[in-house]
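Taking it in order: structure first as structure tokens, then the write-up.
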Amino acid sequence: MLGVLTGFAVVWIIILTGYGIGRLGVLGENAQTVLSRLAFFVASPALLLITLSDADLDTVFSFPLLVAALSALVTAGLYVLATRWWLHRPLPELLISGMSSSLVNAANLGLPICVYVLGDAAYIAPVLIFQLAFYTPFFLMLMDSATSGRRTSLRVFAGQVVRNPIIVGSLIGLVLGATGTALPEIIHEPVSLIGGAAVPAMLLAFGISLVGSRPLTADGGRRVDVVLASAFKLIVQPLLAFLLARFLLGMEGHLLFAVVVTASLPTAQNVFVAAARYEEGVLVAKDTVLLTTIASLPVLVLVAALLA
């Protein structure tokens with residue numbers, strides 16, 4: 001338990017450092033954008049490539065991938081059904097809120113937490129691959145259809161997947177790991193060093209993003225939506241992951257702990273990006289990201305106390 005708390009402390013100290021950097025303006029106005037793009041386009045693909053090339057793929061991509069997929073899909077489905085009946089929101093806004101209730105922050109917080117709390121970045125790989133290769137493109141396809149009145153083609157869907165640098169890095173790592181191929185040292189070392197920048201860059205960028213954020217303002221009229229989406233994200237999804245993993249799939253020990261931790265991560269910032277792109281559900285997406293990020297710490301500590 002002390003090791004788990006130390007892992008959380010490391011993550012939040014770096015986030016608070018980023019917040020201080022943002023408050024002081026040390027890195028300028030575009031610091032968050034630059035750090036986020038560095039992490040997303042360069043460092044994270046390198047980290048996942050190295051991690052997956054050395055990982056036990058049978059363990060990581062069997063049941064954990066199934067738990068990640070089922071818990072996300074069921075959570076989003078339950079949220080959309082409940083709020084459609086209760087709050088009567090339009091479909092595009094419901095889709096964004098459904099993403100907010102189930103899309104986990106697998107990159108910015110998932111990677112660091114898996115490194116420092118679970119001891120291996122490979123535990124987040126099934127979640128990343130499911131979300132980036134299927135879940136996010138699927139929701140965006142639905143959003144295209146709901147906002148434009150036309151169906152998105154499979155070619156566009158596939159293009160969104162293959163152009164994602166994290167997917168590309170993960171696939172290369174999977175091929176290397178599955179075939180037992182080792183990178184030459186002259187390539188392995190620089191790729192490994194670049195991958196080492198992913199975690200600090202993500203956490204610093206996230207800390208900077210918290211500057212000036214004020215969730216649950218009364219002006220937007222979406223407090224109920226935000227609280228409900230946050231509750232589904234931090235309570236319903238982890239509980240579903242635990243029930244599926246423990247009683248349906250018979251998982252236990254550290255692997256059970258890992259799948260519940262990854263399901264307990266806060267809402268991904270990608271939801272806000274999607275909301276801004278379609279101009280639907282922007283307030284719900286923004287506030288849910290911030291609220292779940294703050295509230296996820298006690299949830300993750302509770303999960304660690306019960307399962308670690």
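At 37 °C and 0.692 mPa s, what whole-number value in µm²/s does Stokes-Einstein give for the translational diffusion of the range 26-134, with Rh from the Kirkwood sum over Cα pairs?
Working: Rh = 15.8 Å.
This corresponds to a translational diffusion coefficient of 208 µm²/s.
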Mean-square fluctuation check for the chain, GNM, Cα pairs under 10 Å: which of Val224, Val117, Val282 is largest? Val224
For the range 247-294, build the convex hull from the C-alpha positions and give me its volume per residue in Å³. 100 Å³
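Once the mean 1/r over all distinct Cα pairs of the chain is inverted, what Kirkwood radius in angstroms do you read off? Don't jump to the answer; show the numbers that get you there.
Details: mean 1/r = 0.0510 Å⁻¹.
So the Kirkwood estimate lands at 19.6 Å.
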How large is ³J(HN,Hα) for each residue in the range 39-47, as worked out from phi by the Karplus curve 6.51 cos²θ - 1.76 cosθ + 1.60 (θ = phi - 60°), to whole Hz, x for Gly and Pro? 5, 6, 8, 10, 6, 5, x, 5, 4
For the range 164-259, what is Rg from Cα atoms divided by 2.2 N^0.38 Å, rounded to two decimals? 1.62
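Could you work out how much longer the chain between Arg37 and Trp85 gets when fully extended? Use 0.36 nm per residue separation minus the Cα distance between them, nm to one decimal.
13.4 nm
Every read-out reported here was derived from the displayed coordinates using simple, explicitly stated rules and does not represent laboratory data. If you're wondering where the values come from, they're calculated on a predicted model, not measured in any experiment.
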